[in-house]
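Notes to accompany the following structure.
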Amino acid sequence: MAEIRESKAAVQTSEAQIAVHWREEEYFYPSSKFVGQANLSDPGVNERFSENNFPECFREYADMLSWDKYWHTTLDTNDPPFWKWFVGGKLNASYNCIDRHLEKYKNKAALIFVPEPEQEATVAVTYQELYVRVNEMAALLREFAGLKAGDRVTIHMPMIPELPITMLACARLGVIHSVVFGGFSGEACGRRIADSGSRILITADSYYRSGKMIDHKANAQIALDIAKQEGQPVDKVLVWRRYRGQYGSKAPMIEGRDYFVDDELLKFSGRIIEPVSMDAEAPLFLMYTSGSTGKPKGCQHRTGGYLAYVTGTSKYLQDIHPTDVYWCMADIGWITGHSYIVYGPLALAATTVLYEGVPTFPDAGRVWRIAERLNVNIFHTSPTAIRQLRKAGPDEPAKYKYHFKHMTTVGEPIEPEVWRWYHDVVGKGEAVIVDTWWQTETGGFLCTTKPAIDPMKPGSAGPGAPGIYPTVFDENNEDVKAGSGKAGNICIRNPWPGIMQTIWGDRDRFVDQYYRKYCKDSKSKEWHDWPYFAADGAVLAADGYLRILGRVDDVINVAGHRLGTKEIESACLTLPEIAEAAVVPVVDDIKGRIPEVYVSLVPGIQPSQEIADKVTKTIETIIGKIARPRKVHIVPDMPKTRSGKLMRRVLAAISNNLSTGDITTLANPDIVESVREMVQGKESVVVKDGPDDLKQFGGVE
Ligand code: WTA
């Protein structure tokens, strides 16, 4: 009971609620010091990247790369919506991120690894050393693992330098890497191995998190069992060790299958592997993400367009120069890490920082100590991390002598109040902020301000990035007018080089998911007829800035990480006791949203704490700890429409102490009251208005 009251208070005063009662915020302007040194300060960029100059405007990004062969067609629209970029061009991503920098920067740090234990020294890997290590690993992958261009390889690793080294070694050979976030469970990894058809798994023995050594290799056996069950055998498991020569896992090494990478690499010492010249359209990697059905989608990204897009946006919007020390706190296992820790910054010869652990470990000053010690001047993180750091130590940043010129926020809507703390306290009033809205599917930023050109507005992502033409559509395919205050579905009217090629192995799903809804003519080869549907709600202000409201589909954004409600529900249904499951998002002051689970039991089974615990455990095993529900409610029945559809919207309202709205048309309205009483207690305080994405949630029903 006490717990329920507490959560009620939290919902009513949460910052997410403040965001709902959003008003026009005042502009903030970049300092002249920032503008003076910025890569992009010429307002002419708006004309250069205007629709009149599309698609050739994107040559500007592609020309930042070194091509083995120049392309003949910038954009090929012959097979919509499977756009092709820089057709005829050839290049290698690892060459672009390493080799071409050696002449000028070989002795400069490419990566700086910061281990979580603070007494452990940081490790700087220079461009020369990165070159050597990537070449040796590429030799191992080709000759020991038998991998060649076009093969897929699954990489399930924590944040250690060997992760980007492995990715770049794959890229050197044209091998398609599929990195699975280290925090995902062995089962989740296994399903991704099977879907991608990988015969090799690359993993690590252990890593530090919150002061504890995590046994990571233990996941490999589970992953392999699941992959095999799904028809995909794995030949070899390559295991990196956190400390060379020292095995930090209790899981047995299986002879003839498992190999220590550090041992095997000795045989490839000093080997140089020519980078394989790849077609611009050859896939570079797969990144799985959650969608509205249970099965994760493998977003397939191309080599040329993707690399050009992340390089261009890193240069212009992150303002990365080769002299900068850049720290993005995301995990490389998510798209943000791929685009804006590895590929973008390295293509620009920057120094990119990798931090192994938890931002508040061992205390609230850790992040700022790292920033001070490494002289970080560009900082990139998520609203969840900002909220966590603010809660843990609101006055900590002032104690450290770092200075950021530029800061990014990504992954979730940021509340204006939190934005202001980021600006005033973390950025010390000196740093420019970009709020970048984008997705796994989109490769790079879609909406953001141009840091030296556009003023910032707390809580708004800003206008389209250069060459991106966003619009907000209503359900009748009409543009929602700027400044009308009405929410709609944000779409991108045009193709861009960073957009994924397709969903791995599922062309139809790609079209259905992103293009079917607003396609004007499915026979047309004109890109104007194929707007990209992002599945986010948004409001377009009179100044052209977009405020992102959140997902309009069955995806919950937990701490900036995407989880499919259907995925979590399927996990619950693997338990024989469970008849039905419904997962809803609940507002959380730190993580934005957390899943809450409702289950009904098969006849004859009595509700018990044990079953609730089992549900939680199963979700953790099948997906990972990030999907752990706040609560599991065992209910006598689920609210349903007369046609038998489960009304998640009603359950979401109950969990968030919102009004359930009109329920008279339900097949079983009485059940709503008994579930409400169970969850909220007899006298509930219902708040009238709630976050927009909760209102939209379940709108499809
Ligand atoms: C949300 C992460 C508001 C959005 C790069 C999107 C945001 C989903 C922002 C994609 C932002 C991302 N403001 N919401 N600046 N950035 N989102 O695929 O709902 O992990 O659809 O990519 O995160 O999450 P994903």
**Request:** Return the loop-located trypsin sites (Lys or Arg not before Pro) in the range 304-412 (DSSP other than H, G, I, E, B) with at most 13 other Cβ atoms within 10 Å of their own Cβ; answer none if there are none.
**Result:** 401
**Request:** Please work out how much length the chain gains when fully extended from residue 670 to residue 486, using 0.36 nm per residue of separation minus the C-alpha to C-alpha distance, in nm with one decimal.
**Result:** 62.9 nm
**Request:** Determine the order of 77, 565 by accessible area, beginning with the largest, at a probe radius of 1.4 Å.
**Result:** 77, 565
**Fill in**
Long-range amide H partners of residue 462, meaning residues 5 or more apart or on another chain whose placed amide H is closer than 5 Å, are 546
**Request:** Go through 405/457; 486/517; 104/236 and tell me which ones have a Cα-Cα distance over 28 Å in this structure.
**Result:** 104/236
**Message:** Below 8 Å between Cα atoms, with a sequence gap of 6+, how large is the relative contact order for the chain in percent?
**Reply:** 14 percent
**Asked** Once the piece of chain linking residue 63 and residue 479 is laid out straight, how much longer is it, given 0.36 nm per residue of separation minus the C-alpha distance between them?
**Response** 146.3 nm
**Message:** Rounded to two decimal places and with Rh computed the Kirkwood way over Cα pairs, what is Rg over Rh for the chain?
**Reply:** 0.95
**Prompt:** What residues qualify as long-range amide H neighbours of residue 180, i.e. H under 5 Å apart, gap of 5 or more or another chain, H built at 1.01 Å from N?
**Reply:** 155, 156, 157
**Item:** Accessible surface ranking that places the most exposed of 577, 356 first, with a 1.4 angstrom probe
**Value:** 577, 356
**Asked** Hey, rough spin-label estimate for residue 229 and residue 643, points 7 angstrom out along Cα→Cβ, what's it come to in nanometres?
**Response** 3.4 nm
**Asked** Between rounded, prolate and oblate, where does the range 129-185 land on the alpha carbon gyration tensor, with a ≥ b ≥ c its root eigenvalues, rounded for a/c under 1.5, else prolate if a/b exceeds b/c?
**Response** oblate
**Prompt:** Out of every Cα-Cα pair in the range 376-475, what percent are more than 21 Å apart?
**Reply:** 33 percent
**Request:** For residue 41, tell me the accessible area in Å² from a 1.4 Å probe, rounded to the nearest 10.
**Result:** 50 Å²
**Accessible surface of the range 41-83, 1.4 Å probe, proportion on carbon and sulfur as whole %** = 45 percent
**Item:** Options 335, 379, 317, ranked by Cα towards positive dipole end of the range 311-416, top entry (Cβ charges)
**Value:** 379
**Request:** Rounded to whole Hz and in sequence order, give me ³J(HN,Hα) for the range 323-337 from the Karplus expression 6.51 cos²θ - 1.76 cosθ + 1.60, θ = phi - 60°, writing x for Gly and Pro.
**Result:** 8, 8, 9, 10, 10, 10, 7, 5, 9, 4, x, 10, 4, 4, x
**Asked** What's the extension gain from residue 48 to residue 605 if we count 0.36 nm per residue and subtract their Cα-Cα distance?
**Response** 193.9 nm
**Prompt:** How large is the charge dipole for the range 367-462, taken about the Cα centre, if only the Cβ atoms of Lys, Arg (+1) and Asp, Glu (-1) carry charge, to the nearest 20 debye?
**Reply:** 340 debye
**Message:** Given a 1.4 angstrom probe, I'd like the percentage of the accessible area of the range 260-365 that is carbon and sulfur, rounded to a whole number.
**Reply:** 58 percent
**Item:** Rounded accessible area per residue of the range 129-286, 1.4 Å, Å²
**Value:** 36 Å²
**Item:** Whether the range 557-619 is rounded, prolate or oblate, judged on the alpha carbon gyration tensor where a/c under 1.5 counts as rounded
**Value:** prolate
**Anisotropy class of the range 239-315 from Cα gyration tensor, a/c 1.5 cut** = oblate
**222 nm mean residue ellipticity, helices alone, for the chain (DSSP H n ≥ 4; -39,500 (n - 2.57); rounded to 500)** = -7500 deg cm²/dmol
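The values are calculated or read from the model by the stated rules, or taken from the named source; none is laboratory data. The structure presented is a predicted model; accordingly, all values stated were derived computationally and were not measured. Using ideal geometry, Cβ is built from the backbone for each residue, glycine included, and neighbour counts are taken over all protein chains shown. Just the protein is used for accessible areas: all its heavy atoms, side chains included, with ligands, DNA and RNA removed. Shrake-Rupley method; radii C 1.70, N 1.55, O 1.52, S 1.80 Å.
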